[in-house]
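Asks: Following this message is one structure expressed as structure tokens.
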Amino acid sequence: MSFQPNALCFGDEFSATGLPCLVHVEGHGLTMTFLSDSDASERRSESVPFAELTVSAGGLDHDQLVATWTGPTGQRTLYLKNPDVIRAFRQAAPDHLTIPLERAAEQVRQVRQRRRIVWTIVGGALLASVLGLWFGSDLLVELAVDRIPIEWERKLGESAYRDFLARQEVMKEGPAVAAVTEMTHRLTDQIPENPYRFEITIVKSDVVNAFALPGGYIVVFTGLMKKAERPEEVAGVLAHELNHVLQRHGLERIVKQLGFVAVLSIVLGNPPGLGGVMKQLGVELMTLKFGRAQETEADLTGLQLLYRAKIDPSGMITFFQRLAEKDEGRVEWLSTHPMSAARAERLKIELDLLPRREPVPFSFEWRTIREK
Amino acid sequence: MKSEILYPGAFPMVRVELAEGEHIKAESGAMVACSPTIDIESKMEGGFLGALSRKFLTGEKFFFQTLRASRGAGEVLLAPTVPGEIVVLDLDGVSEYMVQKDGFLAGADGVTIDSQMQSMSRGLLGGEGFFILKMSGKGMLLLNSFGAVHKIELKPAQEYIVDNSHLVAWSTTTSYNIEKATSGWVASFTSGEGFVCRFRGPGLVFIQSRNPGGFGAWVRQFIPVTE
């Protein structure tokens, strides 16, 4: 018959792993059968009366029944886990053990219950905060974003910006740079209490795109400038991007994602931790997609900025519409700035509400710049 | 099933001899070489969901490989990914061990592997995450570590303090609390230890002589940053 131990016994002369033994509950107490150390076929037994036992709950999760007593060879500790043995023990135990047994059982129940409660609360809180961060509750994000100094935002954006430019062919001077600088000055002059120092770079690429990074870094591709029939159209895109920065949209997105990822990495014990998350985000800054509400906000504030700067705001609307109609799928700007008819309509209505104002033209000749 | 550790030290390998019909499950990718009588099968231990939970919750591999001596007796050579010692444990059907997520190398078929959720404080501060592996059943269990393995034997009520990132495995008869390394919060972190585990016997605690996270941070500074 094979030996099927059901408990571990610890004692001074046993190794620290404990000695596997077969426990039998009998009328007077417990009998433990051990295999002999020297000969596996030989067995020896020890008995202990109930009167000498003290019991408690123990083990890693406090879910094992621990019985201790002092035998002839010193202190003995028995770890019981098998539910059948524990049940038999509780039935056979005399009165003086009933109270400690109940206390041990109560302890086990308490540990389980506390764990369940803690997990329910934490699970609920996690779920609520993740859901809250993910859907709608922008209040929380805005509160967090408000506490982040502009200086941090600038550093975050700058590293991604320099990284990106290092791999691109940048247009440093020329009429196009002068034109974009003029547009930017016209726009930024109209921003009261501007905490950002905007840096705008033109990148030589046929990609029809422009994007803004947190901290005031804006990249415009020559492809987008070629597509524009009037300078007001480029100014419209610039006004839109400037407002993504001013409204701190990028930061809001990061806080949202960071919150989500940080929670996940803590829960799953992710070794690279937050450092890795931050690095990952540096990459993602480039492909950052803004939410629909953020796009609308940037559109509307952009429109007002154009109006204040006396640049014809209709350029913005017509450019968006033209891009959306003709080049769907090929214009990158649209993949990060999804265009919809509703968005253009909204802008038109907004524009109609503003009193008419004679726009002031730019000092440069757009056609010659575009051709170059 | 017999096992022998070859080249003990930093780069060991373990040779497992299988009789005909015997099999062993090992971490995916652990097999180095084997006799031609051995068949390699891939298996999702605990079914698809079990494997999925193990993959996502403990960071262990999704598949285990099963090495089966189906066409006669043979031997298998197994090695872990990281440099470090291999320990052989013999599970007797009663003893159970909790194993840190990267610690499993291989186990006999009688060994059961579960992912188990830890308590809130242990999961949050223990550095192992909320889910760790629990090994139970009967048979040979091979664990691997990063660096050398040190075995701490605890008598009943004996205590020992271990830095949490050095844990490899511990028996379920032990219990531990997580505490700050020093009495003050600031000193706890400036001492470089952060949180430690106060273990209480009886039972065994296996620790590794190197901290994988610390090593990773050290290596990171030498990696050139280019895209």
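Asks: Hey, could you check segment A:1-35 for residues that are of a type in the set (Ser, Thr, Tyr) and under 13 Å from A:Thr77 (Cα atoms) and say which is surrounded by the fewest Cβ atoms within 10 Å (Cβ to Cβ)?
Replies: This residue is A:Ser15.
Asks: Based on what the data block shows, is A:Ala92 within 23 Å of B:Ser175 (Cβ to Cβ), touching an Asp or Glu at 6+ places or on another chain (Cβ under 9 Å) and in contact (Cβ under 8 Å) with a residue 12 or more places away in the chain?
Replies: The answer is no for A:Ala92.
Asks: Would you call A:Val234 open to solvent by less than 50 Å² (accessible area, probe 1.4 Å), free of Cβ contacts under 8 Å to residues at least 40 places away in the same chain and in the same structural domain as A:Lys310 (by TED's automatic domain parsing)?
Replies: So A:Val234 fails the test.
Asks: Ok, one more. Go through segment A:40-60 and count every residue that is within 14 Å of chain B (Cβ to nearest Cβ) and surrounded by fewer than 18 Cβ atoms within 10 Å (Cβ to Cβ).
Replies: Result for segment A:40-60: 3.
Asks: What are the pairs, 6+ residues apart or on separate chains, where a residue within segment A:110-130 that is without any contact (Cβ under 8 Å) to a residue 12 or more places away in the chain has its Cβ under 8 Å from a residue that is assigned to a helix (DSSP H, G or I)?
Replies: Between residues of segment A:110-130 that are without any contact (Cβ under 8 Å) to a residue 12 or more places away in the chain and residues that are assigned to a helix (DSSP H, G or I), the close pairs are A:Arg115/B:Met120; A:Val118/B:Met120; A:Trp119/B:Met120; A:Val122/B:Met120.
Asks: Select from segment B:165-217 the residues that are under 30 Å from A:Arg76 (Cβ atoms), at pLDDT below 90 and open to solvent by 30 Å² or more (accessible area, probe 1.4 Å) and list them in ascending order.
Replies: The answer is B:Asn177, B:Ile178, B:Glu179.
Asks: Right, another one. Tell me, which strands (runs of 3 or more DSSP E) wholly within segment A:117-222 include 1 or more residues that are under 18 Å from A:Leu242 (Cα atoms) and open to solvent by 50 Å² or more (accessible area, probe 1.4 Å)?
Replies: Fully inside segment A:117-222 and qualifying: A:199-203.
Asks: Filter segment A:149-169 down to residues that are touching a helix residue (DSSP H, G or I) at 6+ places or on another chain (Cβ under 6 Å) and either under 10 Å from A:Leu251 (Cβ atoms) or free of Cβ contacts under 8 Å to residues at least 24 places away in the same chain (or both), then give me how many there are.
Replies: 1
Asks: Output the helices (runs of 4 or more DSSP H) that fall wholly within segment A:289-372 and possess 3 or more residues being at negative phi and modelled with pLDDT of 85 or more, or say none.
Replies: Result: A:292-308, A:314-326, A:341-353.
Asks: For segment B:149-188, how many residues are under 26 Å from A:Ala57 (Cβ atoms), outside any loop (DSSP other than H, G, I, E, B) and of a type in the set (S, T, N, Q)?
Replies: Result for segment B:149-188: 4.
Asks: Now, a different point. So which residues in segment A:15-32 are within 14 Å of chain B (Cβ to nearest Cβ), in contact with a strand residue (DSSP E or B) (Cβ under 6 Å, 6 or more places away or on another chain) and either among the polar types (S, T, N, Q) or in a loop (DSSP other than H, G, I, E, B) (or both), if there are any at all?
Replies: Once the filter is applied, which keeps residues that are within 14 Å of chain B (Cβ to nearest Cβ), in contact with a strand residue (DSSP E or B) (Cβ under 6 Å, 6 or more places away or on another chain) and either among the polar types (S, T, N, Q) or in a loop (DSSP other than H, G, I, E, B) (or both), segment A:15-32 yields A:Ala16, A:Thr17, A:Gly18.
Asks: Do we find that A:Leu78 is touching a Cys at 6+ places or on another chain (Cβ under 6 Å) and either open to solvent by less than 40 Å² (accessible area, probe 1.4 Å) or on the phi > 0 side of the Ramachandran plot (or both) in this structure?
Replies: For A:Leu78, the condition - touching a Cys at 6+ places or on another chain (Cβ under 6 Å) and either open to solvent by less than 40 Å² (accessible area, probe 1.4 Å) or on the phi > 0 side of the Ramachandran plot (or both) - is met.
Asks: I've got another one for you. Examine segment B:87-109 for a residue that is buried (at least 21 other Cβ atoms within 10 Å of the Cβ), modelled with pLDDT under 90, small (Gly, Ala, Ser) and farther than 21 Å from B:Tyr7 by Cβ, and state whether such a residue exists.
Replies: no
The values are calculated or read from the model by the stated rules, or taken from the named source; none is laboratory data. Keep in mind that this is a model prediction, so the values were computed, not measured. All Cβ positions, even for glycine, are placed from backbone atoms using ideal geometry, and neighbour counts span all protein chains on display. Ligands, DNA and RNA are stripped out before the accessible areas are found, and what is left, the full protein with its side chains, is counted by its heavy atoms. Shrake-Rupley method; radii C 1.70, N 1.55, O 1.52, S 1.80 Å.
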